[in-house]
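Heads up: the structure comes next, in structure tokens.
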There are 2 protein chains.
Amino acid sequence: MAQIPNKSAQQTAQYAVPTSADVARLAGVSRATVSYVLNNTSAVRISEPTRRRVHEAAKELGYVPHAAARSLRAGHTRVVLMPTPQIPAGPLFSEFFNELQWALSRFDYTVVQYGSLGLTGEEAARAWAELRPVAVLAPGASGLGARAVDVLKRSGAKAVFTLGPQRTEGAHALLMDQRRIGNRAAEHLLERGSRHIGVVIPEEQGLEPFARPRAEGLRQTVTGHGRGATVTELPLAYDEESAARLAARWRTLGVDGVFTYNDEYAMLLMRALQDEGIAVPGETAMIGADDLVLGRLLRPRLSTVRIELPSGQKLAELVDRVVRDPGMEPGVHDVLGATAVHRESS
Amino acid sequence: MAQIPNKSAQQTAQYAVPTSADVARLAGVSRATVSYVLNNTSAVRISEPTRRRVHEAAKELGYVPHAAARSLRAGHTRVVLMPTPQIPAGPLFSEFFNELQWALSRFDYTVVQYGSLGLTGEEAARAWAELRPVAVLAPGASGLGARAVDVLKRSGAKAVFTLGPQRTEGAHALLMDQRRIGNRAAEHLLERGSRHIGVVIPEEQGLEPFARPRAEGLRQTVTGHGRGATVTELPLAYDEESAARLAARWRTLGVDGVFTYNDEYAMLLMRALQDEGIAVPGETAMIGADDLVLGRLLRPRLSTVRIELPSGQKLAELVDRVVRDPGMEPGVHDVLGATAVHRESS
């Protein structure tokens, strides 16, 4: 179809888009090696240092192979679909997703985040299926059931993963058991001598899927401990007024240790308690979660539960393995690690 | 094509997906009214309170009209494509994007974030065009030029917007001039008596598109002020060691006021200065940016530049207007507001 080019179409493109030849040059290898490494061809043996050099060169140049060309060769898209979380992810998960995205792009996948706000289950799956993803990574909150997994597979998805607390039939599970974070917080506070333990329940919408299991895990551990240890739930909105109100009635609560859901709520509550003249950890020990930089900037320095998520590279390898072998029996991968880090607030 | 249903396909769906009838019931209006409001039909007059009731009911129920059904009716997709930013967005922009996404979903659009890492210009546009978006909102860093805009329009995009510091021919511009933030910070520090002004330049990758213009804006204002006022650039990585090194040589710098790029770097630097015995604001006035809650939790409370972004609702209305009238002359919308907020640190 002939078209008269308009003014803007006549201008010259000036974007220096990096090519695989640029990557090969920077890494000091052949273009074939770049292709083998970035397509993760297992048929060819390439040494680990060479692989690393190619990945680093690709990252430095911002080189990503072209998805369209790839999908023509491969006969299907290279789209990995991730439903957009319903709430903005915190810094820890943002970084995790960003790293995963880079790692998948080095395997030549294109990550598409799909804003299926309000859709769940099969309806969500049908909407996602329209993009013909080769793989789907669905967070727990999307309520994906076995039928929804089936919808995706019938549309051509070779790998369906769920990220969350539960397994779904037919899907590979990346289990993230948030209770473990509460377990570690409770163990730490009990070890440091607390017996009447408060647990902050954020009032912000959308945090329930994280806050509830963290509180539940804490309760499990405290109840298991026995010897009269108690749990008090402390609803708290992320603003100064809510924190001041909680601090004002703190001494009536008889709480001698508190798990604050995460480091940001810890900072909020610590300030309110200190403004009220309540000593941390003297009167109340405190532990957060996420191990953010800001916790180390507080005085006293904040104890925290460090959360370990798998590296983006590892997860991208797993996704790629399942895409290449879609008949693989769905596996369960326990991916959330948690350890208490003792500083000065507990 | 007959297919033998497998085990999982035989199970019954158990997802209570909200329908427009549910929304109508909760809002106490007819289904037609729900449709008029959520499709933003201008042909029918509906009072503001009724509109609000319908939107609130839809939000509460998590109701989103089905994109596929809509696109059949409309003859094109309802996909609004936003390239995923190359770095995790800070809390301010995360919230802005989340709000925009909700607002667009209430206009029946589906927001798709496309992870075109490393792609720019026409190559990026070609990759995006594969999804046949009806509208594209491209951040400045994607290097979209006039030809790329043309690629998108030829693929059927009715509205192409750029978000960033510059206009692109053929696209509607949502101008976000980051220099303004530096202007406001400098004016504030000069007014409060500073003459030798430091400006933090984060060393973290990916922040240059924000950090550079903020520093540039600060320099403009300080230079314009004259009377011997000076600017010192202060590279700083977001970790305690880097902050401690900067604080250790602080007094040799002769800086009496500092703009810290944002509130998080302010918290980091304030702690390091205080640990070094340097009084804020006594020896050095300090101002951050973003007006995060954490700034109010610092002692002294942090002065900051509050950044105003347009409401998601307003922006969604604009996107929808252009989609309905694609011949509209591309406009320039100045969307970033900035005001200094004085607290105790300056």
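The values are calculated or read from the model by the stated rules, or taken from the named source; none is laboratory data. All values reported here derive from a predicted model rather than from experimental measurement. Ideal geometry is used to build each Cβ from the backbone, glycine not excepted, and the neighbour counts take in all protein chains shown.
For segment B:97-123, how many residues are free of Cβ contacts under 8 Å to residues at least 60 places away in the same chain, of a type in the set (A, V, I, L, M, F, W, C) and touching a strand residue (DSSP E or B) at 6+ places or on another chain (Cβ under 7 Å)?
2
Looking at segment B:159-170, is at least one residue surrounded by 24 or more Cβ atoms within 10 Å (Cβ to Cβ) and not in a strand (DSSP E or B)?
no
Among the residues of segment B:103-135, which ones are within 20 Å of A:L81 (Cβ to Cβ) and under 15 Å from the mean Cα position of the chain (by Cα)?
B:L104, B:V111, B:Q113
Tally time: how many residues in segment A:163-178 are closer than 18 Å to A:P310 by Cβ, at pLDDT 90 or above and more than 15 Å from the chain's Cα centre (by Cα)?
2
Determine whether segment A:293-305 contains at least one residue that is free of Cβ contacts under 8 Å to residues at least 24 places away in the same chain, more than 18 Å from the chain's Cα centre (by Cα) and buried (at least 19 other Cβ atoms within 10 Å of the Cβ).
yes
What is the one condition in (1) within 14 Å of chain B (Cβ to nearest Cβ); (2) surrounded by fewer than 22 Cβ atoms within 10 Å (Cβ to Cβ); (3) in contact with a strand residue (DSSP E or B) (Cβ under 9 Å, 6 or more places away or on another chain); (4) of a type in the set (A, V, I, L, M, F, W, C) that A:V255 does not satisfy?
Checking A:V255 against (1) within 14 Å of chain B (Cβ to nearest Cβ); (2) surrounded by fewer than 22 Cβ atoms within 10 Å (Cβ to Cβ); (3) in contact with a strand residue (DSSP E or B) (Cβ under 9 Å, 6 or more places away or on another chain); (4) of a type in the set (A, V, I, L, M, F, W, C), the one that fails is (1).
Of the residues A:R214, A:R296, only one is within 23 Å of A:V341 (Cα to Cα), assigned to a helix (DSSP H, G or I) and within 14 Å of chain B (Cβ to nearest Cβ); which?
A:R296
Which of the residues spanning segment A:257-283 are under 20 Å from A:A229 (Cα atoms) and without any contact (Cβ under 8 Å) to a residue 60 or more places away in the chain?
Once the filter is applied, which keeps residues that are under 20 Å from A:A229 (Cα atoms) and without any contact (Cβ under 8 Å) to a residue 60 or more places away in the chain, segment A:257-283 yields A:G282, A:E283.
Residues of segment A:264-282 being within 13 Å of A:R299 (Cβ to Cβ) and not in a helix (DSSP H, G or I), which ones?
Within segment A:264-282, A:A279, A:V280, A:P281 qualify.
Can you name the number of the only condition in (1) in a helix (DSSP H, G or I); (2) at pLDDT 95 or above that B:R306 fails?
So the condition that B:R306 fails would be (1).
So the check is Cβ under 9 Å with 6+ separation or different chains; which pairs have a first residue in segment A:152-165 that's closer than 28 Å to A:P213 by Cβ and a second one that's in a loop (DSSP other than H, G, I, E, B) and among the hydroxyl-bearing types (S, T, Y)?
Filtered contacts from segment A:152-165: A:V160/A:T168; A:T162/A:T168.
For segment A:13-74, please list each of the helices (runs of 4 or more DSSP H) lying entirely inside it that holds at least 3 residues being surrounded by 13 or more Cβ atoms within 10 Å (Cβ to Cβ), at pLDDT 60 or above and within 14 Å of chain B (Cβ to nearest Cβ).
Qualifying helices (runs of 4 or more DSSP H): A:20-27, A:48-61.
Name, by its number, the condition in (1) surrounded by fewer than 21 Cβ atoms within 10 Å (Cβ to Cβ); (2) touching a helix residue (DSSP H, G or I) at 6+ places or on another chain (Cβ under 9 Å); (3) under 30 Å from A:R219 (Cβ atoms) that does not hold for A:L174.
Of (1) surrounded by fewer than 21 Cβ atoms within 10 Å (Cβ to Cβ); (2) touching a helix residue (DSSP H, G or I) at 6+ places or on another chain (Cβ under 9 Å); (3) under 30 Å from A:R219 (Cβ atoms), only one is false for A:L174: (1).
Confirm whether A:A279 is closer than 30 Å to B:A272 by Cα and among the aliphatic types (A, V, I, L, M).
Numbers: closer than 30 Å to B:A272 by Cα: yes; among the aliphatic types (A, V, I, L, M): yes.
So A:A279 passes the test.
Which condition number in (1) away from chain B (no Cβ under 14 Å); (2) surrounded by fewer than 20 Cβ atoms within 10 Å (Cβ to Cβ); (3) within 25 Å of the chain's Cα centre (by Cα) is the one that A:I287 fails?
(2)
Which residues, counting only those in segment B:217-263, are among the hydroxyl-bearing types (S, T, Y) and under 19 Å from B:L302 (Cα atoms)?
B:Y238, B:T260, B:Y261
Hey, B:A127 hits all of (1) closer than 25 Å to A:A124 by Cβ; (2) out of contact with any helix residue (DSSP H, G or I) (no Cβ under 8 Å at 6 or more places or on another chain); (3) assigned to a helix (DSSP H, G or I) but one; which does it fall short on?
(2)
Find the residue count for segment B:164-197, including only residues that are more than 24 Å from B:T260 (Cα to Cα) and touching a strand residue (DSSP E or B) at 6+ places or on another chain (Cβ under 6 Å).
So the count comes out to 6.
Considering only segment B:309-346, how many residues are surrounded by fewer than 20 Cβ atoms within 10 Å (Cβ to Cβ), modelled with pLDDT of 95 or more and either assigned by TED's automatic domain parsing to the domain that holds B:R184 or touching a helix residue (DSSP H, G or I) at 6+ places or on another chain (Cβ under 6 Å) (or both)?
The number of residues fulfilling the criteria is 0.
Which residues, counting only those in segment B:222-256, are in contact (Cβ under 8 Å) with a residue 40 or more places away in the chain and in a helix (DSSP H, G or I)?
B:L253
Going residue by residue through segment A:77-99, is there one that turns out to be modelled with pLDDT under 85 and within 17 Å of A:R321 (Cα to Cα)?
Yes, segment A:77-99 has at least one match.
Yes or no: A:A146 outside the structural domain of A:A24 (by TED's automatic domain parsing), modelled with pLDDT under 80 and within 19 Å of A:L174 (Cα to Cα)?
No, not satisfied.
Filter segment B:95-127 down to residues that are under 25 Å from B:T168 (Cα atoms), more than 7 Å from every other protein chain (Cβ to nearest Cβ) and aromatic (F, W, Y), then give me how many there are.
Looking only at that region, the number is 3.
Taking the conditions exactly as written (at pLDDT 95 or above, surrounded by fewer than 18 Cβ atoms within 10 Å (Cβ to Cβ) and at positive phi), does B:G226 satisfy them or not?
Working: at pLDDT 95 or above: no; surrounded by fewer than 18 Cβ atoms within 10 Å (Cβ to Cβ): yes; at positive phi: yes.
Considered against the rule, which asks whether it is at pLDDT 95 or above, surrounded by fewer than 18 Cβ atoms within 10 Å (Cβ to Cβ) and at positive phi, B:G226 comes out as no.
Got a sec? Which of B:D150, B:D108 is over 30 Å from B:L234 (Cα atoms), part of a loop (DSSP other than H, G, I, E, B) and not hydrophobic (A, V, I, L, M, F, W, C)?
Values: B:D150 fails: part of a loop (DSSP other than H, G, I, E, B).
Just a single option satisfies the conditions, and that option is B:D108.
Pairs please, first residue from segment B:195-221 and surrounded by fewer than 15 Cβ atoms within 10 Å (Cβ to Cβ), second anywhere and modelled with pLDDT of 95 or more and assigned to a strand (DSSP E or B), Cβ atoms under 7 Å, 6+ apart in sequence or on different chains.
Close Cβ pairs satisfying both conditions: B:E203/B:P235; B:E203/B:L236.
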